[in-house]
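Colleague: Questions regarding the structure given below will be posed in turn.
Each reported figure results from applying straightforward, stated rules to the coordinates on display, with no laboratory input. In this text, all values refer to a predicted model and were calculated from it rather than measured experimentally. Glycine also receives a Cβ, built like all others from the backbone with ideal geometry; neighbour counts cover every protein chain displayed.
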Amino acid sequence: MVSRAVTSQFGKDASGYAGLLLTRLAPPAQQARLLRRSRLEHELAGALEFPLALIVAPAGWGKTTAMASLAAHGGWPAAWCRAHGDDDATLFVRHLTAAFRSVAPLDEQRVFAALADTARGGVTAAIETLVNELAAALDDDTLLVIDDYHTADARPELRAVLERLFTMLPLRLHVALVTREEPLLAVVEPARLRGELLTIQSDLLAFAADEARAFWALTGQKPPPDLETLVRVARGWPLAMQAVQGMTDWRAALGLRGATTLDAYVAAEIFEPLPATLRTFLLRVSGLRRLTPEVCALLNDSVIPDPFLIELERRQFFVERDASGQLIFQPILRAFLERRARLELAEWPALQRRAAAYYRQNGDIEGLMHHLLLVGDDVDAAAALVEYGPTLLAAAMSNAIVDWVRRLAPVATTAPQLQEVHAAALRQLGRYEEALRTFAVAEATYAATGDRAGQVRALRGRAEVYLDTVQPAHATDLLKRALKLMAHDQVPERAELLRMQSENWANRGRADVALILERAARRIVDYGHARPALPASSTPPPPDAPAPPRLLLRAGRLNEARQQLESQLWSESAVGGGYHPGAHREPLLLLALIYAMLGSGTRALAMARRGLVESQQASAPLTEAIAEMRLGHAYQLVAPNDPSAALHHYAAAMDLIQTVGVTRTRAEGYMGLTLLYGHAGDLPRAEADAREGLQIASVAGDEWIAAMILLALGGAGVAASDPRAGEWLEQAQQRFARGGDTYGLAITNLWRAIAALRGTGGDAIAEIGQLLDSAVAHGYTGVLIGPSLFGPRDMASLVPLLLRGRSIPGHSELARLLLRQGFPTIAADDTVDDYHPGYTLRVQMFGTFRVWRGAQEIQARDWQREKARQLFQLLLTYRGHWVQREQICAWLWPEADLEAAERQFKVTLNALNAALEPARPPRVAPFFVRRQGLAYSFAPSYGVWIDVDEFELRAAAAAASDDVDFARRNAQIAVNLYRGDYLAESLYDAWTTEERERLTARYLATAVAYATRLSHEGDQAQAIQLCEQVLKRDRCYEEAYQVLMRAHARAGSRSQALRSYARCAQALRDELAMEPLPETDTLYEALKRNEVV
């Protein structure tokens, strides 16, 4: 019974609500702990911007609750009317009229009188009267919510009421229909086309993960640890979120593991209200993964399914479209329908077998397996999985195989062929330890039954896992056993085992033996035999195929491997790609390594990036780890002065390898770290990483990777002038010679030649000759004219080698050609004969003055006298210009007479040259400091890096580029290079003042421009920090204050923005007796008005 207190708001005249159900005219009461969903409220508030809004979703999606919250908190007048299917048109109009009692003073008696006036049309006249009353009474936008509209939509006379209302809708009235299905109203589609319709469906009503988390917090319950999965599986259904409260297993609570209390609600509110024919259709197709018309017709005795499918979508009946555009059931409803169908349909098993036969005929293996497992035909499902295993593996459907085998566990224990398929899938997924165990179980089962062919396949499968993970010591015995068990007439199979042995020998670092075995495999292949497809391995290459790229790589035949891989990738791109089992055989990643070894860092980076993306898409963690390592190698070449990027990728690789559990793969990571730390000058850390890598390589039996680690350590040792470098290179050379790796031998020659030229032993002429011969014969010239993974990081160390090569008979022309290609300024420098210091001189002039010869910093004692440093600073300031000796003396010894100053100059110049070029031979002119008569200049033709020059280059690139990312990176580098004022130690030397002021102005402009860009891109914190750095150098730099004001305002701190203006004004008055610029004042006024800036 409705109390008088509740009904009194509708007027005191009882006749005014005679026949009305007043509870239909008010929204339901709000729950005490209702979650306010601002995202949804914002979407629903859009109803006030459209004449008509549809809120369409099945039961339990919170439509009514959401609209009631909007009516209560939206801030607009809202009328509420709940529709009812038992109404006639008259009663519906009376309820619609009465709904406005709480929001507008209508003369209801006029509307009711019109209803009784049949001469004027009754209902039609009443609607017109109601519209007139609303048009006169509404003085604000008003929302009319018609709840449960689906109950009225099935009645033509009730639809007619709303259609008539919509044709003459008052300007300030907005109607929201809350319904479980798309209305049949004729006005809906025209409104949609005119842009006058707002539609809110279940996707917007659904809980997002953050809303679900807030809901659990509101209820005081602890959310499940996999809350995001729950939200995804339940499609954010609000009722499901409520149903799992307090449950330990949300899948069981939602009926995904069997019957649940939720079934009663789904049956009563969702399923049973449907027409009987639609219910029968749903039960018969409930087992389908996708509701394709052809299969739906097959399971409904050729009844045309299209009307049913259209009706399901119109009713928003827990269906959705998958990525291919096919209609599918959502998981909760699908589980409910399957249970119901099993209980009510005697033909349920027959329907699933009918569907399975259809999918087998059409080659849909997933569909076949789904329906066989659904009906419990485990034996047939296992047989199908064995039959189609190779096809599934070729399609990289390993996850599906593993899931199906898990569901077939009782059958799998006695089915070795199924175990083979399972193991092959685990191998493809990178779950190597599980694959090994499963292959071992299959082998034991085959051995117990005397199935030698099966035993060979299982042994080969285990060996392939060890080949994938490059563990040759473990693979050797397995391959021998497999070859011994195999019949002699199985020629193609024996050839494949020989190829596997070839790869294993390559993994052991013996590419020479591997090539012999590869040729032997080709010789014994019988061209008339076809190799049957087997689940444990890939199809072998044809007998005339070239050696595998990875074998060529380890043999030093890098260009052959590169060409083969490039051709392979080109072919695959034309036909849509392919799968490559084994992370170390992945073409993209092999190319990345080869490019890095040959000196093409940019290409290496591109290949590694592509490989990383593809491995992540394929969910192949070991391949992803290899890609991360190859990225680390590439970054050593493209960003040699910034080790952070390479370190990041090596760390990511090591973490992935730890997760996968294939420890052997860490050896390459340690090799990369040895290179990185060794060439950065941290030889102790490089040694530690090399020891770790060598230990892993030793256990795995991989001599090649061990040789590469020793080569990396030896090269770093030569660069650091460590006396142990020769021993490390000797050990690498012995391993390369045993394995026939011509590339490794060539790089060993390169480092030995550099060491010999530096006077640390060896025959430089012999080493250079062997190196040049190998470079020509095998295409390694790139490592002599550019940075390569195992070559020097300081390219200047290659210059003495090529200069000496010009004087070696038989090699002079090649050396001259390489010098012109790689070092054209040296080749064109007439003052250079066969001497070059062999290192790059790196100079830091911003902030503290520092100089490095290669990786070795020149210490204070090396200068011998302070004037030598000052002389160098002076020559650097005027670099590229000739400075007269007299002028130098006047600047550096202003108090001395000319003769004394010149004596001091001579001694100082000798000290400077000794500091810069301590190993310069006697009577050889210095390379860095040039002399022309009585004039001197710092003008080397190659081998100098100066931070000032780099700063100006980067600042100019940032200012001139239209590429946003390129400009940002260059601006950041330029700003970071400015570590302090130019030659800060020489503030009072007159010859530094002009250059210092110029560079400071350039820095301030670059930094402020960069801060402006950061602020526009939303990084207000960084922009503020950069502006503060600028103001520390120049507290009157007004442009920095402007950017600072905008950044604070955009960060939401208006008070800080206003304070920044006050700081600006005070600084200008104190320092310059000036007022801020007009544009600064304009910005300040805008901030005071709280305008967007």
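Colleague: Would you mind checking the tilt of helix 432-449 against the longest principal axis of the Cα atoms of the chain, expressed as 0 to 90 degrees and rounded to 10?
Modeller: The answer is roughly 80 degrees.
Colleague: With the cut-off at 1.5 for a/c, could you classify the stretch 948-1088 from its C-alpha gyration tensor as rounded, prolate or oblate?
Modeller: Oblate.
Colleague: Here is a follow-up. With axes computed from alpha carbons, what is the tilt in degrees of helix 452-468 against the longest principal axis of the chain, rounded to the nearest 10 within 0 to 90?
Modeller: 70 degrees
Colleague: Okay, next question. What ranking do M708, M486 get, fewest neighbouring Cβ atoms within 10 angstrom at the top?
Modeller: In increasing order of surrounding Cβ atoms, one gets M486, M708.
Colleague: Moving on. Label-point separation (nm) for A777 and Q616, each offset 7 Å from Cα along Cα-to-Cβ?
Modeller: Simple spin-label model gives 4.4 nm for this pair.
Colleague: Quick check on the chain: of the DSSP beta bridges with both residues there, what percent are antiparallel, nearest 5%?
Modeller: Antiparallel bridges make up about 40 percent of those DSSP assigns within the chain.
Colleague: Under a point-charge model restricted to the Cβ atoms of Lys and Arg (+1) and Asp and Glu (-1), what is the dipole moment magnitude of the stretch 948-1088 relative to its Cα centre, in debye to the nearest 20?
Modeller: 660 debye
Colleague: Related question: Calculate, axis by axis, the spread of Cα positions in the stretch 125-247 along the three principal axes, and write the results as whole Å, longest axis first.
Modeller: 59, 31, 25
Colleague: So what does the Cα-only Debye profile of the stretch 841-947 read at q = 0.17 Å⁻¹, as log10 I(q)/I(0), no solvent term?
Modeller: One equal scatterer on each Cα of the stretch 841-947 leads to -0.80.
Colleague: Could I ask something else about it? Calculate the spin-label point distance for Q490 paired with D1034, positioning each point 7 Å from the Cα along the beta-carbon direction, and give it in nanometres.
Modeller: The two pseudo-label positions are separated by 8.1 nm.
Colleague: Now, a different point. Determine the relative contact order of the stretch 841-947: mean sequence separation of Cα pairs under 8 Å and six or more apart, normalised by residue count, in whole percent.
Modeller: The value is 37 percent.
Colleague: Further, regarding this structure: Dipole of the chain (Lys/Arg Cβ +1, Asp/Glu Cβ -1, origin at the Cα centre): which of Y743, T261, I594 lies farthest to the positive side?
Modeller: Y743
Colleague: Ok, one more. For the stretch 217-283, rounded, prolate or oblate, judged on the Cα gyration tensor with a ≥ b ≥ c (square roots of eigenvalues), a/c < 1.5 rounded, else prolate if a/b > b/c?
Modeller: prolate
Colleague: If I take every Cα pair under 8 Å that is 6 or more residues apart in the chain, average their sequence separation and divide by the length, what percent do I get for the relative contact order?
Modeller: 5 percent
Colleague: In the chain, if the dipole is taken from +1 on Lys/Arg beta carbons and -1 on Asp/Glu beta carbons about the Cα centre, which of V402, P183, G62 is farthest to the positive end?
Modeller: Positive-most Cα among the choices belongs to V402.
Colleague: Determine the calculated [θ] at 222 nm for the chain from helices alone, applying -39500 (n - 2.57) to every DSSP H run no shorter than 4 residues and normalising by the residue count; nearest 500 deg cm²/dmol.
Modeller: Counting only the DSSP helices, I get -18500 deg cm²/dmol.
Colleague: About the Cα centre of the chain, what is the dipole size in debye to 20, counting +1 per Lys and Arg Cβ and -1 per Asp and Glu Cβ, all else neutral?
Modeller: Charge dipole of the chain: 1980 debye, to the nearest 20.
Colleague: Say the dipole of the chain comes from +1 at the beta carbon of Lys and Arg and -1 at that of Asp and Glu; which of P837, L312, V491 then lies farthest toward its positive end?
Modeller: V491
Colleague: Same structure again: To the nearest 10 degrees, how steeply does helix 1038-1050 sit against the main Cα axis of the chain, on a 0 to 90 scale?
Modeller: Compared with the principal axis, the helix lies near 30 degrees.
Colleague: If you don't mind, there's one more thing I want to ask. Of (1) 1.00; (2) 1.09; (3) 0.94, which is the value of Rg/Rh (Cα atoms, Kirkwood Rh) derived from the coordinates here?
Modeller: This structure yields the entry labelled (2).
Colleague: For the stretch 4-205, what size does the Cα cloud have along each of its three principal axes, sorted from largest down, in whole Å?
Modeller: 48, 42, 33
Colleague: I would also like to ask the following. Could you name the lysines in cross-link range of K906, using Cα to Cα under 22 Å and dropping any fewer than eight places away on the same chain?
Modeller: Here the lysines satisfying the reach criterion relative to K906 are K867.
Colleague: Normalized C-alpha radius of gyration of the stretch 450-533, against 2.2 N^0.38 Å?
Modeller: My calculation over the Cα atoms of the stretch 450-533 gives 1.05.
Colleague: Still on this structure, please answer the following. Among H474, H150, which comes first, then next, by fewest other beta-carbon atoms within 10 Å?
Modeller: Listing H474, H150 from fewest to most nearby Cβ atoms yields H474, H150.
Colleague: Take the alpha-carbon positions of the stretch 621-719, form their convex hull, and give its projected area averaged over all directions (one quarter of the hull surface) in nm².
Modeller: It is 5.5 nm².
Colleague: Among T663, T438, which comes first, second and so on when ranked by fewest other beta-carbon atoms within 10 Å?
Modeller: T663, T438
Colleague: At what distance in nm do the modelled label points of A72 and D378 sit from each other, each positioned 7 Å from its Cα along Cα→Cβ?
Modeller: Using points 7 Å along Cα→Cβ, the separation is 5.3 nm.
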